[in-house]
Amino acid sequence: MVGCRPGQPADEVLLRDAIEADIPIFFEHQWDREATRMAAFPAMNREVFGWHWVKILGDEHIVAKTILFEGQVAGNVVRYEQDGKPFVGYWLGREFWGKGIATRALAEFLRYVEVRPLFANVAKHNIGSIRVLEKCGFTIIGEHVGFLDETGHVVEEYLFELERDGEGEGS
């Protein structure tokens, strides 16, 4: 996991349990058109988004953390189940992009969530997110056509996996 360890002071990027008061900020982050294009994930209206997050916060099988950067809510990172497998996902507000925050937050999250293997889906055009996953030890294990985005374009995705320590090539 070269480059996965936080390189900034420990107080600069922190994780805490996500709370209901974070939902309006998460909503604004996902409402940004460029962010939804990059993530290839459609924006939800305020009511649907709020319901979605209340459901997340109430599910004991989901681990949801708020990412704090210099005391501000910068985004979130979540571990959830999809088709019986553990997945991780994260979202940062656009004003926090390009600062290494996602990498540091995911690195911290991976110390907290120890389940392996752990999977992630990423749109092929989302180079920043691909780099975050690679820096934290995830490798591409597949690719697939995910879905049509809101403009009707086909979204192609990579499937990433973080294996147990000592597994994989050369073990």
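The values are calculated or read from the model by the stated rules, or taken from the named source; none is laboratory data. The structure displayed is predicted, hence computed values, not measured ones. Using ideal geometry, Cβ is built from the backbone for each residue, glycine included, and neighbour counts are taken over all protein chains shown.
Yes/no per residue for (1) crowded, with 19+ Cβ neighbours inside 10 Å; (2) of a type in the set (Val, Ile, Thr); (3) touching a strand residue (DSSP E or B) at 6+ places or on another chain (Cβ under 9 Å):
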{"residue": "Trp53", "(1), (2), (3)": "yes, no, yes"}
{"residue": "Gly58", "(1), (2), (3)": "no, no, no"}
{"residue": "Thr66", "(1), (2), (3)": "yes, yes, yes"}
{"residue": "Gly89", "(1), (2), (3)": "no, no, yes"}
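Going through (1) modelled with pLDDT under 95; (2) more than 18 Å from Gln30 (Cβ to Cβ); (3) assigned to a loop (DSSP other than H, G, I, E, B); (4) not small (Gly, Ala, Ser) one by one, Glu156 falls short only on (3). The residue that is nearest to Tyr112 (Cα to Cα), counting only those in segment 2-42 that are small (Gly, Ala, Ser) and at pLDDT 90 or above, is Ala18. Scanning segment 28-61 for residues that are under 15 Å from the mean Cα position of the chain (by Cα) and farther than 23 Å from Glu157 by Cα yields Trp53, Ile56. Answer with yes or no whether Ala123 is closer than 22 Å to Met38 by Cβ, modelled with pLDDT under 95 and under 15 Å from the mean Cα position of the chain (by Cα). So Ala123 passes the test.
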